[in-house]
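S.K.: If you scroll down you'll find the structure; I have some questions about it.
Since every read-out is calculated from the coordinates, none of them should be taken as a lab result. The model shown is predicted, which means the values in this text are computed figures rather than measured ones. Virtual Cβ from ideal backbone geometry, glycine too; neighbours counted across all protein chains shown.
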Amino acid sequence: MRAVVVALADAGDEVELVDIPDPRPTFGQIRIRMVGAAINMADLHIIDGSPGNIDVEDSSRRQGLGLDVAGVVDMVGPGVRDIAIGTPVAALHFPHAMHAAAGTAAEYVIVPAADAAPVPDEVDLLDAATVPLNSLTAAQLLVLLGPARGRRLLVTGAAGGVGGYAVALAARAGWTVTGLARATDRDFLTRAGATEVITVLDPASGFDAVLDTALLNATALQAVRDHGAYVGVFPGFEPSPERGINVTSAVVSPDGDLLREMLGLTARGVLEPRRTGTLPLAEAASAYRAFRAGGQRGRWVLTS
Ligand SMILES: NC(=O)c1ccc[n+]([C@@H]2O[C@H](COP(=O)([O-])OP(=O)(O)OC[C@H]3O[C@@H](n4cnc5c(N)ncnc54)[C@H](OP(=O)(O)O)[C@@H]3O)[C@@H](O)[C@H]2O)c1
């Protein structure tokens, strides 16, 4: 199959489309014929070789790119009973947990069946490809903030991949949500459920909690009241706790049941899929470059 990879030895941003053997599912795994694979910040971190992101035992190794996939199940491994061949599914694929030669930017993707969820008829597979990583991250990080009960939550980077889902899911859970974003993001954030959209952060805001997807760190912490809560997106890079504020962060985990819920909310229009554009695998380098240029809303999706 064809897969998009980056050579780990280079700190450059050149990606390659290579031919590698078709993967086969083993126990508990499914093989997905990729229809869409969204590009995320994590891909840029891998391309740039961010410290701590990948364990480079062999510097000649190549790493497959892509964490998000939607497509059609075309093979199932032994022990898989609840997903049949032919089912349209989406999944978050964690290369650390499996063979890293290919990510989701490839013609076939292997994931544990438990990490995949069926895509409802109402959701286009190319849109579904934009859902797993960012919706699961938002949902799992919100849990760390404790019960909503109308408390005031600030989401930084509110119009970004994680932030957009965080605003919608938090509002639905009963938070009073303020989104920090650009003025041009106001309509999207209001539709998502934000009560307030701000473009500048007042340190004296006294929010009960912040979900800091823009990595503002100490600046975001300042805007939280004493004994409030801060949740970050990069474990190890959180600000130092102060004033009794509970500072935490986490890395997303694949979760097929939670993803099923996220896709269901997408089908019902509660979550808005945002796709910037679609390009074939052969033009992946252009898509990564366009994503890196920033300022975009939604995700580029590679197609096979
Ligand atoms: N913990 C995990 O498991 C996990 C999972 C997924 C992502 N992440 C991380 O979470 C972060 C966000 O990811 P993402 O996919 O949501 O990125 P994204 O789509 O690029 O969104 C980031 C948002 O932050 C905004 N922003 C950046 N700098 C800002 C600043 N100084 N002030 C105000 N807003 C600012 C950007 O606004 P503009 O576009 O207007 O500049 C953008 O809307 C990334 O670092 C990613 O690696 C972590």
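S.K.: Would you work out the charge dipole size for the stretch 139-264 about its Cα centre, treating the Cβ of every Lys and Arg as +1 and the Cβ of every Asp and Glu as -1, and quote it to the nearest 20 debye?
M.R.: Roughly 260 debye, rounded to the nearest 20.
S.K.: Which length gain, in nm to one decimal place, applies between ASP226 and VAL18 when the Cα-Cα distance is subtracted from 0.36 nm times their residue separation?
M.R.: Once the chain is fully extended between ASP226 and VAL18, it gains 69.6 nm.
S.K.: Antiparallel as a % of all DSSP beta bridges within the chain, to the nearest 5?
M.R.: Here the share of antiparallel DSSP bridges comes out near 55 percent.
S.K.: Size of the dipole of the chain about the Cα centre, Lys and Arg at +1 and Asp and Glu at -1 on the beta carbon, nothing else charged, in debye to 20?
M.R.: It comes to approximately 720 debye.
S.K.: Once the Cα atoms of helix 256-267 and of the chain are each reduced to a long axis, what angle between those two axes, in degrees from 0 to 90 to the nearest 10, is obtained?
M.R.: Value to nearest ten degrees: 70.
S.K.: Only counting other Cβ atoms within 10 Å, I'd like LEU265, LEU259 sorted with the fewest neighbours first. Can you show the working numbers first?
M.R.: On the way: LEU265 19, LEU259 26.
Taking fewest neighbouring Cβ atoms as first place, the list is LEU265, LEU259.
S.K.: Mind listing the long-range amide H neighbours of ILE198? Cut-off is under 5 Å, sequence gap 5 or more, other chains count too, H placed in the peptide plane at 1.01 Å from N.
M.R.: The list, which skips near neighbours in sequence, is GLY179, LEU180, ALA181.
S.K.: In Å, the Kirkwood hydrodynamic radius of the stretch 145-249 over pairs of distinct alpha carbons?
M.R.: 13.1 Å
S.K.: With everything on Cα atoms, drop me the angle between helix 161-173 and the longest principal axis of the chain, reported from 0 to 90° to the nearest 10.
M.R.: So the helix axis and the longest Cα principal axis differ by about 60 degrees.
S.K.: Follow-up question, since we're still on this one. With all pairs of different alpha carbon atoms counted, what Kirkwood hydrodynamic radius in Å does the chain show?
M.R.: 19.6 Å
S.K.: May I pose another question? Provide the net charge surrounding PRO88, with neighbours chosen by a C-beta distance below 13 Å and charges set as Lys +1, Arg +1, Asp -1, Glu -1.
M.R.: Residues close to PRO88 contribute a combined charge of -3.
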